[in-house]
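Each remark here refers to the structure printed beneath this line.
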Amino acid sequence: MPQLTASRKDDHIQITLREDITFDQVTTELENYHFEHQALPELDLAAISTRTLFLDKELAFPLLISSMTGGSPVAAQLNQRLAEAAQSAQIGMGLGSLRAALEDPTLAWTYQVRHYAPDILLLANLGAIQLNYGYGPEECQRAVEMVEADGLILHLNPLQEALQPEGDTRFAGLLPRIEAICRALEVPVIIKEVGWGLSAASARQLRDAGVAALDVAGAGGTSWSQVELYRSQTAVQREVAAAFRNWGIPTATSLKLVRQAAPQLPLIASGGLRDGIALAKSLALGADVGAIATPLLHAAFESPETLHNALVVLRRQFKIAMFAAGLPDIAALRKAKLIFNGTERLASSG
């Protein structure tokens, strides 16, 4: 079983790097929202503050490198590069699922990046469904301690599990087990979808269960049904997976639904954020920070310099978007109104 889990992680990396794993009809819907340009911003660009606090950690700008990988030598090198870049850019980072390391402790080193990034917000990660397959507070605590994490992401991926021949699909009764983990752990517990979005109903359930934050991970970025399609071994598996290419709640819609359902809960926007303008729009729609995965994985695979430059570009785009919209800091950005689809109707999280 440990070899199976690690092998699956390498499959995911290679497919993500080589294949078309996008939605082909659904978008994030962030393109429907626009800042009102301010020709007279009455601000100096150099004075714009992009700094923010998230889960009691200061970030130079509101971005996390989203959970991606671990469990193999290739993944270890990528995690090192991602952690070093996060440390340099003063942003946060999530690790890939630590299940492989819990099953086989000799793989723990592939996730252990704290010595490369001593100051960052670092988040461990496990599949929430494993709580229905024998995992409990002890395993969750081990995962956190193994990587010296500041918090634990439990990811929800029912559709992905259903599309995997080896998938774990017994999701009934999972919510009370999530609640038990939130009570047992001293670090924050964050719930994350993997790319199909959180609904308002799910957000309310998780809020009431005591989670510390939510990551909407909406549709419009990487389609994990496409990833599983490329992993499929039979024509039947491929045909089943192909039907779900455009499933999910678009990122912008999920953001608005979740923010309305859980107005006080820290919120991460992810799923198809591809530039700093999309990141800025996400905060105006209710997020506290954004998270990006696939583009940064591609950059990390190419070279540390490519990854560093990608983060420099993202921060510069984000800062200039704030400047051109007349927004001096993150507090102002989160109160900003967006123009919806070129009309005068304004949309915001409020």
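Run the simple label-point estimate for GLN260 and THR22 please: 7 Å along Cα→C-beta, distance reported in nm.
2.9
Could you compute Rg(Cα) / (2.2 N^0.38 Å) for the stretch 192-350, with N its residue count?
Cα-based Rg divided by the globular estimate yields 1.13.
Which residues does a label at GLU103 reach in the stretch 116-153, if reach means a backbone N under 17 Å from a point 7 Å past the Cα toward the Cβ?
Inside the label zone: 125-136, 139-140, 143.
Binned at 10 Å from 0, what are the whole-percent values of the Cα-Cα distance distribution for the stretch 106-156, short to long?
Spelled out per bin, shortest first, that is 25, 53, 21, 2.
Set the Förster distance to 30 Å, then compute FRET efficiency between PHE301 and ALA162 from the Cβ-Cβ distance, nearest 0.05. Working shown, then result.
Numbers: r = 29 Å, r/R0 = 0.96.
For PHE301 and ALA162, the calculated efficiency is 0.55.
Any chance you could get the radius of gyration and Dmax over the Cα atoms of the stretch 244-284, in Å?
That works out to 11.0, 33 Å for Rg and Dmax.
Taking only Cα atoms, what is the 0 to 90° angle, nearest 10, from helix 251-261's long axis to the longest principal axis of the chain?
90
Check which residues have an amide H placed less than 5 Å from GLU193's amide H, if you skip close sequence neighbours.
LEU156, ASP215, ALA217
Answer with one residue from ALA60, PRO41, CYS140: the one whose Cα lies farthest towards the positive end of the charge dipole of the stretch 1-150, charges on Cβ with Lys, Arg +1 and Asp, Glu -1.
CYS140
Can you compute the charge dipole magnitude of the chain about its Cα centre, using +1 on each Lys and Arg Cβ and -1 on each Asp and Glu Cβ, nothing else charged? Give it in debye, rounded to the nearest 20.
580
Quick check on the stretch 13-138: what are the equivalent-ellipsoid semi-axes from the Cα gyration tensor, as sqrt(5λ), descending, whole Å?
Here the semi-axes work out to 33, 21, 15 Å.
From the phi of every residue in the stretch 17-24, what ³J(HN,Hα) in whole Hz does the Karplus formula 6.51 cos²θ - 1.76 cosθ + 1.60 yield, where θ is phi - 60° and glycine or proline is x?
So the Karplus estimates, Gly and Pro as x, are 7, 10, 10, 7, 10, 8, 6, 9 Hz.
How big is the dipole moment of the stretch 77-158 about its Cα centre under a simple scheme where the beta carbon of each Lys and Arg is +1, that of each Asp and Glu is -1, and everything else is neutral? Debye, nearest 20, please.
So the magnitude is around 180 debye.
Do you know the relative contact order of the stretch 161-316, to the nearest whole percent, from alpha carbon pairs under 8 angstrom that are 6+ apart? Intermediate results must be reported in sequence, preceding the final value.
Values: 247 pairs, mean separation 32.3, N = 156.
Relative CO of the stretch 161-316 lands at 21 percent.
Two decimals is fine: what is log10 I(q)/I(0) at q = 0.19, 0.26 Å⁻¹ for the stretch 20-71, from a Debye sum with one equal scatterer on every Cα and no solvent?
Log10 I(q)/I(0), no solvent term: -1.04, -1.06.
What are the ³J(HN,Hα) couplings of the stretch 181-195, residue after residue, when phi is run through the Karplus curve with 6.51, -1.76, 1.60 and θ = phi - 60°? Round to Hz, x for glycine and proline.
So the J values, rounded to whole Hz, are 5, 4, 6, 7, 7, 7, 8, x, 10, 10, 9, 10, 6, 10, x.
What FRET efficiency comes out for the pair LEU45/ARG274, r = Cβ-Cβ distance, R0 = 30 Å, nearest 0.05?
For R0 = 30 Å, the calculated efficiency reads 0.85.
Using alpha carbons only, how many degrees (0 to 90, rounded to 10) separate the axis of helix 137-146 from the longest principal axis of the chain?
Computed tilt is about 70 degrees.
What list of ³J(HN,Hα) values in whole Hz, one per residue of the stretch 293-301 in order, does the Karplus curve 6.51 cos²θ - 1.76 cosθ + 1.60 (θ = phi - 60°) give from phi, with Gly and Pro shown as x?
Per-residue couplings from phi come out as 10, 3, x, 6, 5, 4, 5, 5, 5 Hz.
I need the P(r) histogram for the stretch 2-347: all alpha carbon pairs, bin width 10 Å from 0 out to the longest distance, whole percents.
6, 26, 36, 24, 7, 1, 0
With a point put 7 Å past each Cα toward its Cβ, work out how far TYR133 is from GLU239 in nm, to one decimal.
Label at TYR133, label at GLU239, 2.7 nm between them.
Enter the angle in degrees (range 0 to 90, nearest 10) between the Cα long axis of helix 73-89 and the first principal axis of the Cα atoms of the chain, meaning the one along which they spread out most.
That works out to roughly 20 degrees.
Take peptides 44-55, 122-133, 197-208 and line them up by average Cβ neighbours within 10 Å, highest first, as a rough protection proxy.
My ranking of the peptides, most packed first, is 122-133, 197-208, 44-55.
Compute the distance in nm between two label points, each set 7 Å from the Cα along the Cα-to-Cβ direction, one at LYS337 and one at ALA172.
Spacing of the two 7 Å Cα→Cβ label points: 4.9 nm.
Since every read-out is calculated from the coordinates, none of them should be taken as a lab result. Quantities reported herein were computed from a predicted structural model and do not represent experimental measurements. Counting neighbours? That spans all protein chains shown, and the Cβs are built from the backbone with ideal geometry, glycine included.
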